[in-house]
Each structure stands twice: as C-alpha cells, then as structure tokens.
Amino acid sequence: TVIENTLKVINKNIDDNQFDLNNIPLDDKLTFELLRKQKTNGVFQLESNGLKDIIKRLKPDKFDDLVALVALYRPGPLQSGMVDDFIDRKNGANVEYLHPMIEDVLKPTYGVILYQEQVMKIAQVLAGYSLGSADILRRAMGKKKFEEMQQQREIFVNGCVKNSIEKKQAEYIFDLMEKFAGYGFNKSHSVAYALIAYQTAYLKTHYKEPFLAAVLSSDMDNTDKVVKFVKECEYMSVTLNPPSINMSQYSFSVTKNNQIIYGLGAIKGVG
C-alpha cells in the first residue's frame, strides 16, 4: 500500500513519464548507502533496532546481502552464532567451503548454509539426488524425523562415495547440513521480502517526499507513528507544512515544490 501510494504521488506530481518501479537498478549506490547508515524507518522489514544492528555490522552492498539479512534475522541463526559467522566472512574473514564441488552453491552466502534450497542443491551435486528426492531430504531435516534421517544419511553417504567423496567427509557434511537445516530459510520467500525492502529503500532515497507522505498516510490513525514520521521528515530535511483548510487533502500530500502538507484525516476528532 505504501509503495502504491508513493507511486501515485510520484506519477501525479513529478514525472511526465510514468515512473515504473520494475525498471529500477538493483545495485543503486545511494540506496545501499541509506541502508548502511541504518536510515531504515519506514523501510519494509528493516525497521527494528535488532535489524538495524545487523545492518550496521553486515554493511550490505548488494542485493544478495539483503536476501541473506531477511533470512538471518530469526531466533535460530541468531542463537547459533551463524549470524556472527556470516558477518565476519562477509567482512573479510576466511571463507571455507565444505567441498570444492559445492563452492558455487555456497558462494553467495560466504560458505554458510543459509537457505533450504542450498541443502537441496548440495544433496543433488554431491550425492546425486534428484531435486524431488532432495526436497524429501529437506523436509525430513526440517521436521527432525529420526528414522527418516537415518535412511537419508545412508542414501546421502552412499551417493557421495559413488562421486569419489570420502565416507568420513560425506558424514561430516551430512551432519552440518542437518544442523543448519533446522535454521534453514526458504530463499524464494527471502528474495520476495528483500525485493520489497529494497524498493521501499529506493523510494525513500530518491523520492523521499512522496514516500514519507505515503508512510504518514498509511499510519494516520496511529498518533505515535505519525509523531515518529513527523520527526523523520525533520531528520531527512523534508518540509512538512501544518494542516491548511485551503491546501490539505484527507491524506498527506506533496506540493509541486516537494513539500508535504499535513493530511486532515490525521487530526483526531475532525469529521
């Protein structure tokens, strides 16, 4: 809703050409700069203090980092030390891959098994699983079914041995996969979240007045949030004009010279 309302304001006021969010670059330097400075109030999924703390340490500079960020900020990875491991490796610590054959699979996550899809791909590459069988393995790992896991361990290790991987190493890799599968996140889900997070961050970076007006309008009935984003306007040097009988609309609007006008709908008790 916030994105849609921002685009309505942009296309009404600013651009003669219709601005299309699907055509924005996913490697915009200024957007990543805004993220690294933790200016994420109003940015989808990335507003909480806990996430700001991880952003500060992770220093995201590409879209893949945002996908990982969404997957990392959950109790499992946080408690297991996986988040610290990921951040250290991203910022220059030694990256080790479990086996040369799966370097491509684990490269985007610096050698850490973060996504369920990686578990499936590792089983496919190392042990010759079909993707259908790999999905059964992923499900068994996620649900921690002991008997099924014993069967899967045997299938995995035998498959690895056929691929000239030592039995001991195959068992070690299986144990690690099993450990991480409990925390594994669905990457396709993470990508969808990260894309909306990136789009809102991009709008906040390049179209801050329409974006802040849309955020204020979406929270009009929550005075605390309105106060928070009034301060955000101040922080981002955006002019917010007081309510005006002649100028204000029901929701927060943006003038031709890029100033926000307070929406009458945000005033309590006004019919």
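For region 225-263, applying the loop criterion from DSSP together with a ceiling of 13 other beta carbons within 10 Å to the chymotrypsin sites (Phe, Trp or Tyr not before Pro) yields Tyr250. Could you state the angle between the C-alpha long axis of helix 63-72 and the longest principal axis of the C-alpha atoms of the chain, as a value from 0 to 90 degrees rounded to the nearest 10? Compared with the principal axis, the helix lies near 70 degrees.
Summed over the residues of region 167-271 and divided among them, the accessible surface reaches 52 Å² per residue at a probe radius of 1.4 Å. When the C-alpha to C-alpha distance is required to be over 32 Å, the pairs from Lys59/Lys179; Lys90/Lys162; Lys179/Lys225 that qualify are Lys90/Lys162; Lys179/Lys225.
So I have (i) 20.3; (ii) 17.6; (iii) 21.2, and one of them is mean projected area of the Cα convex hull in nm² calculated from this model. Which one is it? Given (i) 20.3; (ii) 17.6; (iii) 21.2, the calculated one carries the label (ii).
For trypsin sites (Lys or Arg not before Pro), the sites in region 221-271 that DSSP calls loop and that have at most 11 other Cβ atoms within 10 Å are Lys256, Lys268. The dipole here belongs to region 1-128: it is taken about the Cα centre, uses +1 on the Cβ of Lys and Arg and -1 on the Cβ of Asp and Glu, and is about 380 debye. When the C-alpha to C-alpha distance is required to be over 21 Å, the pairs from Lys107/Lys168; Lys12/Lys228; Lys121/Lys167; Lys12/Lys208; Lys37/Lys107 that qualify are Lys107/Lys168; Lys12/Lys228; Lys37/Lys107. Between the Cα long axis of helix 131-143 and the first principal axis of the chain there is an angle of about 80°, rounded to the nearest 10. Restricting the GluC sites (Glu not before Pro) of region 147-185 to loop positions (DSSP other than H, G, I, E, B) with no more than 12 neighbouring Cβ atoms within 10 Å leaves Glu166. Distances between placed amide hydrogens fall under 5 Å for Tyr115 paired with Phe185, all partners being 5 or more residues away or on another chain.
Between the helical axis of 187-206 and the longest alpha-carbon principal axis of the chain there is an angle of about 30 degrees.
Surface composition of the chain: carbon plus sulfur atoms hold 49% of the accessible area, using a 1.4 angstrom probe and ignoring ligands, DNA and RNA.
The values are calculated or read from the model by the stated rules, or taken from the named source; none is laboratory data. Bear in mind the structure is a predicted one, so any value in this text is a computation, not a measurement. Please note: Cβ atoms are built from the backbone with ideal geometry, for glycine as well, and neighbour counts cover all protein chains shown. Surface areas here come from the heavy atoms of the whole protein model, side chains and all, with no ligands, DNA or RNA. Shrake-Rupley method; radii C 1.70, N 1.55, O 1.52, S 1.80 Å.
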